[in-house]
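Asks: Sending over a structure as structure tokens; questions will come in a sec.
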Amino acid sequence: MDLTRRRLLQSALAAAPALAFGGEPRRRPRVAVVYTMCNHRSHAHVILENFLTPYLFNGKIMQPAVEVVALYADQITPSKTNPDLTEAMVRQFKVPRFKTIGDALTLGGKEVAVDAVVSIGEHGDYPDSKLGVREYPRKRFFDEIVAVMRRSNRFVPIFNDKHLSYRWDWAREMYDTCVKHRIPFMAGSSVPLAQRRPVLELPANCVVEEAISIHGGPFESYDFHAIEVLQAFIEARKGGETGISHVEYLPREALFRAAAQGRWSLELARSALRAEFGDKIPDITQPIDKLEPFGILITYRDGTKGLVLKIGYSATRWHFVCKLAGERQPRVSSHYVGPWNNRCLFMALSHAIQQFCVTRQTPYPVERTLLATGALEAAVRSRAEGRRLETPHLAIRYGPRDFRALREMGESWKILTEDVKQTQGFAERPLRR
């Protein structure tokens, strides 16, 4: 049966925050949200709807664990077909919008007055770099956020959506700044939190000979997600993550020439695609949906071979396959993102962000995103220069962390099914039991 918004709220109240000492309700952390723009299905929309209304996580209706108390919108985009949602959000949820990032963090005062900051630097009208990537203002947002914290001498958790920056030096500076000031820092992709079909956990201390992550989206913006999927699996290998020694962008002809040379396994990639196509796997050596395939070959410092492979067009194509030492059969999984394309994927990410704001503990190492950012930036340069690049700056070491408790395991898709009509904006989301 369909549940109304009222029933959603009633169900969510059953999962209200626990009582603090003395029987008083524990105050939810106050969060300022800084974003580029917000219209239907933008990242600001699909994250914030789970901060402002109840949402599903592993089959349970969750009450938001934080309180959004301030908004900063870098751009308000007029559009008749896909109008900006900022002012509607302000009216509907009574959340004030401030003209500067500083005012959002201080609530118009002089000192930091929030407990965490969510920075969403994705979508909007921003220029492209000479290398063909969108120059989203994530570093500018970060610098302004930290400047307010420095003045107040109060450092609160920061979440940064997707990769850190299109420039490696800026990304490294963001990470180092958080280390210096002991700022809890979370970042990264939504895809590793999606349901894995079939369930796949690599055994601890396994030796990964080769791993491939496959997507069906555009260059750079989807390559980042695919790199993080790759990392989320193979960082659990023997010795943990030790970094990347080389990155090479390969257009179609060079990509399959490299396969013929044994630099990556075409059959391994096909074994992953069987999960989607069965026995009718398309000829991936040729353009699919009139789009040329390409790859990003990643050589790890410990000798592990990695590949990000773009095949055709599908916004929800997220496959992973690897070959472990001593095993003949590959290990394969795909990420199922739920209905409404990738929109419902953000329920698990939003849940993880909120838990981060509450606990001040990152659910998985931010070094994963730092390394993925560096690999992506190197791939962009490799594409422009037409050669393999050495990456001594990516000698980044970190250990894995079990984040299964914050991943969607599939129970939500028994309630919110593919036949449920997608809602618009911040309207109620009908659920079925």
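Asks: Just one of (1) without any contact (Cβ under 8 Å) to a residue 40 or more places away in the chain; (2) within 21 Å of TYR136 (Cα to Cα) trips up LEU105, so point out which.
Replies: Condition not satisfied by LEU105: (1).
Asks: Next question, about the same structure. ARG91 versus (1) charged (D, E, K, R); (2) over 21 Å from GLY188 (Cα atoms); (3) modelled with pLDDT under 95: which is the lone unmet condition?
Replies: ARG91 satisfies every listed condition except (3).
Asks: Hey, could you check the stretch 6-23 for residues that are over 27 Å from the mean Cα position of the chain (by Cα) and assigned to a loop (DSSP other than H, G, I, E, B) and say which is modelled with the highest pLDDT?
Replies: ALA18
Asks: Any residue in the stretch 383-396 that's in contact (Cβ under 8 Å) with a residue 24 or more places away in the chain: show its pairings with residues that are of a type outside the set (Gly, Ala, Ser) and in a helix (DSSP H, G or I) at Cβ separation under 7 Å, as long as the two are six or more apart or on different chains.
Replies: Pairs found: LEU389/ARG381; HIS393/TRP168; LEU394/LEU371; ILE396/GLU367; ILE396/LEU370; ILE396/LEU371.
Asks: Further, regarding this structure: Are there any strands (runs of 3 or more DSSP E) wholly within the stretch 264-347 with 2 or more residues that are more than 20 Å from the chain's Cα centre (by Cα) and surrounded by fewer than 22 Cβ atoms within 10 Å (Cβ to Cβ), and if so which?
Replies: 294-300, 314-324, 331-336
Asks: In the stretch 405-433, what residues are in a helix (DSSP H, G or I) and surrounded by 15 or more Cβ atoms within 10 Å (Cβ to Cβ)?
Replies: Across the stretch 405-433, the qualifying residues are LEU406, SER412, TRP413.
Asks: On the basis of being outside the structural domain of LEU297 (by TED's automatic domain parsing) and part of a helix (DSSP H, G or I), does ARG257 make the cut?
Replies: It is false that ARG257 is outside the structural domain of LEU297 (by TED's automatic domain parsing) and part of a helix (DSSP H, G or I).
Asks: Turning to a different aspect of this structure: Can you tell me which residue is nearest to GLY102 (Cα to Cα) among those in the stretch 64-88 that are outside any loop (DSSP other than H, G, I, E, B) and small (Gly, Ala, Ser)?
Replies: Selected residue: ALA70.
Asks: State whether the residues of the stretch 97-111 include one that is surrounded by 15 or more Cβ atoms within 10 Å (Cβ to Cβ), touching a Lys or Arg at 6+ places or on another chain (Cβ under 8 Å) and of a type in the set (Ser, Thr, Tyr).
Replies: No, the conditions are met nowhere in the stretch 97-111.
Asks: Determine whether the stretch 364-380 contains at least one residue that is at pLDDT below 95, of a type in the set (D, E, K, R), outside the structural domain of PRO251 (by TED's automatic domain parsing) and buried (at least 16 other Cβ atoms within 10 Å of the Cβ).
Replies: No - not one qualifying residue is present in the stretch 364-380.
Asks: Keeping to the stretch 356-404, report how many residues are within 20 Å of the chain's Cα centre (by Cα) and assigned to a loop (DSSP other than H, G, I, E, B).
Replies: Of the residues in that region, 12 qualify.
The values are calculated or read from the model by the stated rules, or taken from the named source; none is laboratory data. Because the structure is predicted, anything quoted here is derived from the model rather than measured. We place every Cβ from the backbone using ideal geometry, glycine too, and count neighbours over all the protein chains shown.
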